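Below is one structure; the comments refer to it alone.
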Amino acid sequence: MKDQEIVDLYWERSEAAIQETSEKYGRFCHTISYHILHNKEDAEECVNDTWYNAWKSMPPKRPNRLSAYLGKITRNLSINRFKTYSAQKRGFGQTTLVLSELADCIPAAGGVEETMEERVLVDAIEMFLYGLTEQKRNIFIRRYWYLASVKEIAGIYSMSESRLTSMLFRMRQKLKEHLEQEGIVL
């Protein structure tokens, strides 16, 4: 079923929307959540919460890219759950590691002023990503959006973990330089 048809089912308030969404995007959302939480049951709960949040938000929202919309909901729910667990020493350290890698490049969110400047930051990051080769952009997104492990990404791209780690380090340095050139204070 096409994404637009699935969104139409949400707008019609048809329960078939949940079933179709689960069939088409269940594995995708579960992978996102599992990379963050490293726990099958917790990932399944976040995916179910994703379907619930999608149901609550459509209408009034009508996403153009359903995969991105659902992925964002899943990622946010999973990160929120991770934050709760991190106080209990859960999560296997991968999420903390990935987020700490970006800490030197991305300013921390917090104040009203930063919230208003968030769009500028998003635009600057998008500009940076589109300046990368397709492979580097995909590697960056796999690591810092989907929170995939270095080992997993290295396997996908048939490269050593040390080469990938160096590549990620250089990309973070270039991102930092790019943000500074755009006037974004770190």
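The values are calculated or read from the model by the stated rules, or taken from the named source; none is laboratory data. Since the model is a prediction, treat every value here as computed from it, not as a measurement. In this analysis, Cβ positions are derived from the backbone assuming ideal geometry, glycine residues included, and neighbour counts consider all displayed protein chains. For accessibility, only protein heavy atoms count, side chains too; no ligands or nucleic acids. Shrake-Rupley method; radii C 1.70, N 1.55, O 1.52, S 1.80 Å.
Values computed for the structure shown
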| item | result |
| --- | --- |
| Hits in the stretch 56-80 - residues which are in contact (Cβ under 8 Å) with a residue 24 or more places away in the chain, open to solvent by 100 Å² or more (accessible area, probe 1.4 Å) and closer than 21 Å to Leu147 by Cα | Arg65 |
| Tyr34 vs. criteria touching a helix residue (DSSP H, G or I) at 6+ places or on another chain (Cβ under 7 Å), within 30 Å of Glu152 (Cα to Cα) and open to solvent by 70 Å² or more (accessible area, probe 1.4 Å) | yes |
| Residues of the stretch 151-186 classified as surrounded by fewer than 17 Cβ atoms within 10 Å (Cβ to Cβ), touching a Leu at 6+ places or on another chain (Cβ under 8 Å) and closer than 28 Å to His30 by Cα, total | 1 |
| Answer residue from the stretch 133-150, given it is under 16 Å from the mean Cα position of the chain (by Cα) and among the polar types (S, T, N, Q) and is least open to solvent (accessible area, probe 1.4 Å) among those | Ser149 |
| Contacts under 6 angstrom Cβ, first residue in the stretch 164-181 being within 16 Å of Asp123 (Cβ to Cβ), partner of a type outside the set (Val, Ile, Thr), 6 or more apart | Leu175/Cys105; Leu175/Phe128; His178/Phe128; Leu179/Ala124 |
